[in-house]
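Novice: After the structure tokens below, expect a handful of questions from me.
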């Protein structure tokens with residue numbers, strides 16, 4: 001993104017956002033390096049995301065009269081907020097307003113990262129770095145060319161979204177917003193249309209969503225928004241799958257049931273090649289949600305775990321959003337004609 005389009009902070013104090021210039025965050029990205037840097041400002045961040053503005057009333061001394069008086073400060077949105085975290089989960093009220101992207105922690109990805117790091121030290125890597133800088137500049141220039149324009153989706157009657165969970169009320173809006181954004185980014189490939197609502201205002205210009213936009217959005221939404229239907233964070237789910245695989249192998253080898261297998265964090269480390277810090281961070285969520293339980297050992301604080309999990313949702317099918325595919329939308333449109 002162009003540097004003028006975002007504000008990046010290491011830490012935001014509790015009241016700091018309330019005293020920014022009124023329009024300083026409008027259509028900007030507010031980037032916070034770590035979720036701990038958000039601190040007490042989480043409340044104001046949640047409100048500016050949901051309500052589009054935040055207002056605070058504070059008292060101060062009138063310089064002309066010396067009397068105390070109340071002053072109002074308003075900061076307007078909309079603003080996009082981006083932050084990173086190493087925590088397995090964050091406050092649910094805050095989390096429901098975000099889209100979560102998780103990193104690939106697999107050994108295969110680590111190997112690819114190492115390969116790229118080694119390549120960056122070569123002559124070819126130096127050339128690629130210069131090419132990358134040019135690509136980034138091109139992306140930033142393209143962003144600056146985008147202009148405000150309304151987006152109209154004429155396919156909404158054919159779209160679907162899971163509705164059994166309360167959290168999907170906000171996730172559905174994220175899905176529709178994702179479609180809008182894809183269309184918005186392709187505004188120069190779309191015909192600009194105009195609707196005269198009030199002759200005095202000169203009409204409203206807009207572009208329309210295409211089926212290709214919906215297809216792209218469905219692919220992204222199933223990959224990203226589907227995670228919200230899983231009560232486990234993606235790394236915790238990966239840990240659970242690894243533990244289940246290990247326990248299943250031990251049970252089959254010893255001809256016993258999964259319930260009879262007890263295991264330690266050391267066994268998990270050897271199975272998954274994860275650090276003890278990674279396992280401690282994510283196994284806590286598995287304990288709290290009762291996917292496994294602790295079995296106290298005979299030597300003081302030493303203890304082992306046992307699974308309460310039998311592989312339900314192992315293929316992640318229950319976290320698939322089952323969005324209406326484009327092929328189905330085409331069929332429904334033919335039936336309506």
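Novice: Exactly one of (1) closer than 30 Å to residue 277 by Cα; (2) in the same structural domain as residue 13 (by TED's automatic domain parsing) is unmet by residue 50. Its number?
Specialist: (1)
Novice: Another question, then. So, in the range 249-265, of the ones that are closer than 17 Å to residue 286 by Cα and touching a helix residue (DSSP H, G or I) at 6+ places or on another chain (Cβ under 8 Å), which residue ends up modelled with the lowest pLDDT?
Specialist: 258
Novice: When you go through 95, 41, 80, 87 one by one, which is the residue that is closer than 23 Å to residue 233 by Cα, without any contact (Cβ under 8 Å) to a residue 40 or more places away in the chain and under 20 Å from the mean Cα position of the chain (by Cα)?
Specialist: Selected residue: 95, the only one of 95, 41, 80, 87 that is closer than 23 Å to residue 233 by Cα, without any contact (Cβ under 8 Å) to a residue 40 or more places away in the chain and under 20 Å from the mean Cα position of the chain (by Cα).
Novice: Quick check, is residue 314 at pLDDT below 85 and loosely packed, with under 11 Cβ neighbours inside 10 Å?
Specialist: So residue 314 does not fit the description; no.
Novice: Considering only the range 133-176, state which residues are surrounded by 11 or more Cβ atoms within 10 Å (Cβ to Cβ) and either in contact with a strand residue (DSSP E or B) (Cβ under 8 Å, 6 or more places away or on another chain) or in the same structural domain as residue 101 (by TED's automatic domain parsing) (or both).
Specialist: Of everything in the range 133-176, those that are surrounded by 11 or more Cβ atoms within 10 Å (Cβ to Cβ) and either in contact with a strand residue (DSSP E or B) (Cβ under 8 Å, 6 or more places away or on another chain) or in the same structural domain as residue 101 (by TED's automatic domain parsing) (or both) turn out to be 149, 150, 151, 152, 153.
Novice: Would you mind finding the one in 291, 303, 309 that is in contact with a strand residue (DSSP E or B) (Cβ under 9 Å, 6 or more places away or on another chain) and at pLDDT below 75? Walk me through it before giving the result.
Specialist: Working: 291 fails: at pLDDT below 75; 309 fails: at pLDDT below 75.
From the options 291, 303, 309, the qualifying one is 303.
Novice: Same structure, new question: Among the listed residues 256, 243, 250, identify the single one that is part of a loop (DSSP other than H, G, I, E, B), closer than 30 Å to residue 289 by Cβ and assigned by TED's automatic domain parsing to the domain that holds residue 283. Lay out the reasoning, then the answer.
Specialist: Working: 243 fails: part of a loop (DSSP other than H, G, I, E, B); 250 fails: part of a loop (DSSP other than H, G, I, E, B).
Result: 256 is the single residue among 256, 243, 250 that is part of a loop (DSSP other than H, G, I, E, B), closer than 30 Å to residue 289 by Cβ and assigned by TED's automatic domain parsing to the domain that holds residue 283.
Novice: Given the condition closer than 30 Å to residue 325 by Cβ and out of contact with any helix residue (DSSP H, G or I) (no Cβ under 8 Å at 6 or more places or on another chain), answer yes or no: does some residue in the range 109-132 qualify?
Specialist: Looking only at the range 109-132, we keep the residues that are closer than 30 Å to residue 325 by Cβ, and these are 109.
With the extra rule that they be out of contact with any helix residue (DSSP H, G or I) (no Cβ under 8 Å at 6 or more places or on another chain), the set shrinks to 109.
Looking through the range 109-132, at least one residue is closer than 30 Å to residue 325 by Cβ and out of contact with any helix residue (DSSP H, G or I) (no Cβ under 8 Å at 6 or more places or on another chain).
Novice: Do any residues in the range 57-71 that are modelled with pLDDT under 85 have Cβ atoms under 8 Å from those of residues that are part of a strand (DSSP E or B), where the two are at least six apart or on different chains, and which pairs are they?
Specialist: 60/68; 60/69; 60/71; 61/68; 61/69; 62/68; 62/69
Novice: Restricting attention to helices (runs of 4 or more DSSP H) lying wholly within the range 13-132, give those where 1 or more residues are in contact with a strand residue (DSSP E or B) (Cβ under 9 Å, 6 or more places away or on another chain), surrounded by 13 or more Cβ atoms within 10 Å (Cβ to Cβ) and on the phi < 0 side of the Ramachandran plot.
Specialist: It comes to 42-51.
Novice: Do we have residue 1 as in a loop (DSSP other than H, G, I, E, B) and within 18 Å of the chain's Cα centre (by Cα) here?
Specialist: Judged against the criteria, residue 1 is a match.
Novice: Moving on. Can you name the number of the only condition in (1) surrounded by fewer than 14 Cβ atoms within 10 Å (Cβ to Cβ); (2) at pLDDT 85 or above; (3) within 32 Å of the chain's Cα centre (by Cα) that residue 223 fails?
Specialist: For residue 223, the failing item is (2).
Novice: Under the condition of being surrounded by 13 or more Cβ atoms within 10 Å (Cβ to Cβ) and under 13 Å from residue 239 (Cα atoms), which residue from the range 262-272 is nearest to the chain's Cα centre (by Cα)?
Specialist: For the range 262-272, the residue satisfying everything is 272.
The values are calculated or read from the model by the stated rules, or taken from the named source; none is laboratory data. Everything numeric here is computed off the predicted structure, so don't read it as measured data. Quick reminder, even Gly has a Cβ in these numbers, built from the backbone with ideal geometry, and neighbours come from all protein chains shown.
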